[in-house]
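Q: Would you mind keeping the following structure in view while I ask a few things?
The values are calculated or read from the model by the stated rules, or taken from the named source; none is laboratory data. Values in this document were obtained by computation on a predicted structure and should not be read as measured data. Here the Cβ positions follow ideal geometry from the backbone for every residue, glycine too, while neighbour counts run over all protein chains shown. What goes into the accessible areas is simple: the full protein's heavy atoms, side chains included, and nothing from ligands, DNA or RNA. Shrake-Rupley method; radii C 1.70, N 1.55, O 1.52, S 1.80 Å.
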Amino acid sequence: MDKEINSALWRFIRRDTSVSAFEAWVYAHEAALSTALGAELHFKLLEMNYADRNQVEDMREQLEAQLRPALTCECPAVADEDVIPMGGNGRDGRFFASVNESAKPAEDLWWLWLGRCQTCRTDWLIAQEERIHDDFFVVRVTPETADAIRNVAHWPQRWLTYEGVLRTGRTLSRPCRFLDYMAPSLLWTVEDIRRGRPDITVAEMADLMGVEESHVKYILKYQYS
């Protein structure tokens, strides 16, 4: 399949292209799509009601089923900004089968690193959030951004604080529920958040961690008693 056609289809599958933009693209590339996908699937693309959410989701599934067997790495299936759960559905295993660490900042930024796919050479900014969400937050970065990180340690501002990582989690994921009221992960998280912003309020910390304010107050009382 033509590389540009393949890339455009994956952008639609992973929701990096709007439905309206994809519809326009389909009609502008009819001949190439007929060759790439075959007559039956091509016809479905042309006849689909793009305003019907169920039809759109079904088409994403059909396209992924056709394209996934040809993948040599997981990168094409990962959105430009994505959440990859730790364990569970095996997606992290597929992603990290080819993505290796290529740069790491200072030790106090333990959650942050730059990854590079050894197959397609895509660069990824990665925040490893293993305390509250059990997720990897990943962002596709340009070669220029990746080179600046590797060559002169110029890291994007996005995840330079643990608070920033947790804010991403509150937007893109869900916090875990802790049976242990004083779990070490909660204690360490409060320490890291306050180290990054000493004047942060109890309400803000509670929101970031997905717990009640009374829970944060109890942790603070325990830590500073």
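Q: Counting only protein chains, not ligands or nucleic acids, how are E101, E4, E213, E107 ordered by accessible area (probe 1.4 Å), most first?
A: Details: E101 110, E4 145, E213 85, E107 175 Å².
Ranked list, largest accessible area first: E107, E4, E101, E213.
Q: Ranked by accessible surface with a 1.4 Å probe, highest first, in what order do V211, V138 come?
A: Result, largest first: V211, V138.
Q: Report the Stokes-Einstein translational diffusion coefficient (µm² s⁻¹, integer) for segment 1-142, Rh taken as the Kirkwood radius over Cα pairs, at 25 °C with viscosity 0.890 mPa s.
A: The estimated diffusion coefficient comes to 148 µm²/s.
Q: Roughly how tilted is helix 143-152, in degrees to the nearest 10 and between 0 and 90, from the longest Cα axis of the chain?
A: 30 degrees
Q: Longest exposed-loop-site-free stretch of the chain, with chymotrypsin sites (Phe, Trp or Tyr not before Pro), DSSP loop and at most 11 other Cβ within 10 Å?
A: 1-180
Q: Hey, can you find the accessible area per residue of the chain for me, probe 1.4 Å, expressed in square angstrom? Write down the numbers at each step before the final one.
A: Details: 12160 Å² over 225 residues.
Result: 54 Å² of accessible area for each residue.
Q: Next question. Rounded to a whole number, what % of the accessible area of segment 115-213 do carbon and sulfur atoms account for, probe 1.4 Å? Write out the running numbers ahead of the final one.
A: Values: 2500 of 5060 Å².
Reported share for carbon and sulfur atoms: 49 percent.
Q: Further question: Could you work out Rg/(2.2 N^0.38 Å) for segment 107-225, with Rg from alpha carbons only?
A: So segment 107-225 has a normalised radius of gyration of 1.18.
Q: Sticking with this one: Can you give me the Kirkwood hydrodynamic radius for segment 139-178, using every pair of distinct Cα atoms, in Å to one decimal?
A: On the way: mean 1/r = 0.0844 Å⁻¹.
After inverting the pairwise mean of 1/r, the radius is 11.8 Å.
Q: In terms of the ratio Rg/(2.2 N^0.38 Å) built on C-alpha atoms, what value belongs to segment 1-61?
A: 1.01
Q: Further question on the same structure: What figure in square angstrom, to the nearest 10, would you give for the accessible area of S102 with a 1.4 Å probe?
A: 50 Å²
Q: Over the alpha-carbon set of segment 112-173, work out the extent along each principal axis and list the three values in angstrom, largest first.
A: Each principal axis gives a Cα extent; for segment 112-173 these are 30, 24, 16 Å.
Q: With +1 assigned to the C-beta of every Lys and Arg and -1 to the C-beta of every Asp and Glu, and no other charges, what is the dipole magnitude of segment 38-154 about the Cα centre in debye, to the nearest 20?
A: Here segment 38-154 has a charge dipole of around 360 debye.
Q: List the relative contact order of segment 177-225 as a percent without decimals, with contacts defined as Cα pairs under 8 Å and 6+ residues apart.
A: 36 percent
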